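The structure appears right after this line, and notes come after that.
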Amino acid sequence: MPTNKGALIRRQVLDRCLSSSRNYTLHELMEKCNFALVEHGFREVTSENTIRTDLFELEAQYTQAEIVPIRKGRNIYYHYKDPDFSIYKIPLTDDEILGLTQAVSVLSRFDGMPGFEWLDSLIKRFKPSINIDTDIKSIVGFDENPDLKGKEHFAPLLKSILGRQVLIVRYCGYRNLQETNVIIHPYFIKEYNNRWFLLGPNDELDKITILAFDRILEFTPIVKTYKPNTSVDFSSFFNDMIGVSRSPEDTPQEVRLFISNSQLPYILSKPLHHSQRIVEKSENGAILSLNVIFNYELEREILSLGDYVKVLYPTELVNKIKSRISKANNLYQ
């Protein structure tokens, strides 16, 4: 099985050439592969041994893919023994059907989202071929908000990221209700708590800015040189935090929480953060340690536990939570 996109492209080209009416030499197969690789932005293959290995792997993976070498003069030509054979005509195995079913169930999550109307026809096209006789949505449920404001931005913003297009965004935040224009180089889209966020460097602030979809009023592509992402690894960008809110100067700190026994099993089975560990256990509960950035989402997570949790450390966070609880209590006086 190809382990990267370049190998997959080569396999598609080789399959097409081997099943064609014309026969190809190893060198000609390499040229065909290189043309497709360059067209898709990949490096060319420089050794015929790579193509020879590809042919060997095709035969090894597909028992019906019998490749016949034919010598004509000084050259050796290759083609499938069965001219009607193609690896893309082989019936799917049970495992492949299960994998496609799972993939379709994930794609179904975007069904109905503006800009993804093509998914409906794609899912209908796949269902007969993978023998799905049950509506995916009737057996898989995702936590979603159908009335979420700003979801119509998903498809065009994703397109802007893929197309490396700088945007000017008309934005109105929650704290500052005054509209502002933000020039952003879009890098990444993140979902948290049923809301979507756009991340990228802000020209004015020269740092990663986080814009909530539901606070974006409109956005327009502008003619400006796009700054490619060479510094932020978004696969680890959110590791030190709960949620999405952070500043460049933020660093993770230790937080200690006392969790009562009545809530402890839930917190242990669904940790607040991957850094969570038990420091001490007692008859009434346990003290947990987290190593996280202080942000609004952390405070909200703690407050959501109500009287089942007590912040022990650090003092700064203790005072913030006490202040929020005091203000909430005053609402009921």
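The values are calculated or read from the model by the stated rules, or taken from the named source; none is laboratory data. Remember, it's a predicted structure, so these values are computed and weren't measured experimentally. Note that we place each Cβ from the backbone using ideal geometry, even for glycine, and neighbour counts take in every protein chain shown. Just so you know, the surface numbers come from the protein's heavy atoms only, side chains and all, with ligands and any DNA or RNA stripped out. Shrake-Rupley method; radii C 1.70, N 1.55, O 1.52, S 1.80 Å.
Residues in the stretch 26-49 that are exposed (fewer than 15 other Cβ atoms within 10 Å of the Cβ) and within 32 Å of the chain's Cα centre (by Cα): PHE35, VAL38, GLU39, HIS40, GLY41, ARG43, GLU44. Screening ASN239 on (1) touching a residue at least 12 places away in the same chain (Cβ under 8 Å); (2) in contact with a strand residue (DSSP E or B) (Cβ under 8 Å, 6 or more places away or on another chain) shows it passes everything except condition (2). Taken over the stretch 166-180, the criterion of being open to solvent by 20 Å² or more (accessible area, probe 1.4 Å) and either free of Cβ contacts under 8 Å to residues at least 40 places away in the same chain or not in a loop (DSSP other than H, G, I, E, B) (or both) is satisfied by ILE168, ARG170, TYR171, ARG175, ASN176, LEU177, GLN178, GLU179, THR180. Residues in the stretch 3-22 that are part of a loop (DSSP other than H, G, I, E, B), in contact (Cβ under 8 Å) with a residue 24 or more places away in the chain and exposed (fewer than 13 other Cβ atoms within 10 Å of the Cβ): SER20, SER21. Tell me, yes or no, whether the stretch 235-242 has at least one residue that is more than 17 Å from the chain's Cα centre (by Cα) and open to solvent by 50 Å² or more (accessible area, probe 1.4 Å). The answer is yes, given that some residue of the stretch 235-242 is more than 17 Å from the chain's Cα centre (by Cα) and open to solvent by 50 Å² or more (accessible area, probe 1.4 Å). Among the strands (runs of 3 or more DSSP E) confined to the stretch 261-326, the ones with at least 2 residues that are touching a Pro at 6+ places or on another chain (Cβ under 9 Å) and within 27 Å of ASP250 (Cβ to Cβ) are located at 285-292.
From the set of residues in the stretch 59-91 that are β-branched (Val, Ile, Thr), out of contact with any Leu (no Cβ under 8 Å at 6 or more places or on another chain) and at pLDDT below 90, which is least open to solvent (accessible area, probe 1.4 Å)? It would help to see each step written out before you state the result.
Filtering the stretch 59-91 for residues β-branched (Val, Ile, Thr) gives 63, 67-68, 70, 76, 87, 90.
Next, only the ones that are out of contact with any Leu (no Cβ under 8 Å at 6 or more places or on another chain) stay: 63, 68, 70, 90.
Filter once more, keeping what is at pLDDT below 90: 63, 90.
Details: THR63: 130, ILE90: 46 Å².
So the residue we want is ILE90.
Taking LYS270, is it under 24 Å from VAL244 (Cβ atoms), more than 29 Å from the chain's Cα centre (by Cα), of a type in the set (D, E, K, R) and open to solvent by 20 Å² or more (accessible area, probe 1.4 Å)? It is false that LYS270 is under 24 Å from VAL244 (Cβ atoms), more than 29 Å from the chain's Cα centre (by Cα), of a type in the set (D, E, K, R) and open to solvent by 20 Å² or more (accessible area, probe 1.4 Å). Scanning the stretch 190-236 for residues being among the small types (Gly, Ala, Ser) and touching a residue at least 60 places away in the same chain (Cβ under 8 Å) gives a total of 1. Answer yes or no as to whether ARG256 is open to solvent by 60 Å² or more (accessible area, probe 1.4 Å), of a type in the set (D, E, K, R) and part of a strand (DSSP E or B). Judged against the criteria, ARG256 is a match.
The set of residues from the stretch 273-321 being of a type in the set (Lys, Arg) and within 24 Å of ASN193 (Cα to Cα) comprises ARG277, ARG300, LYS310, LYS320.
Restricted to the stretch 200-215, and to residues there that are under 13 Å from PRO248 (Cα atoms) and outside any loop (DSSP other than H, G, I, E, B), the residue that is modelled with the lowest pLDDT is LYS207. In this structure, is GLY285 in contact with a strand residue (DSSP E or B) (Cβ under 6 Å, 6 or more places away or on another chain), among the small types (Gly, Ala, Ser) and within 30 Å of PRO146 (Cα to Cα)? No: the conditions fail for GLY285.
When ARG300, ARG324, ARG277 are checked against the criterion of being touching a Ser or Thr at 6+ places or on another chain (Cβ under 8 Å) and open to solvent by 80 Å² or more (accessible area, probe 1.4 Å), ARG277 stands alone in meeting it. Would a scan of the stretch 45-58 turn up a residue that is under 15 Å from TYR88 (Cα atoms) and either of a type outside the set (S, T, N, Q) or modelled with pLDDT of 90 or more (or both)? Yes: one or more hits.
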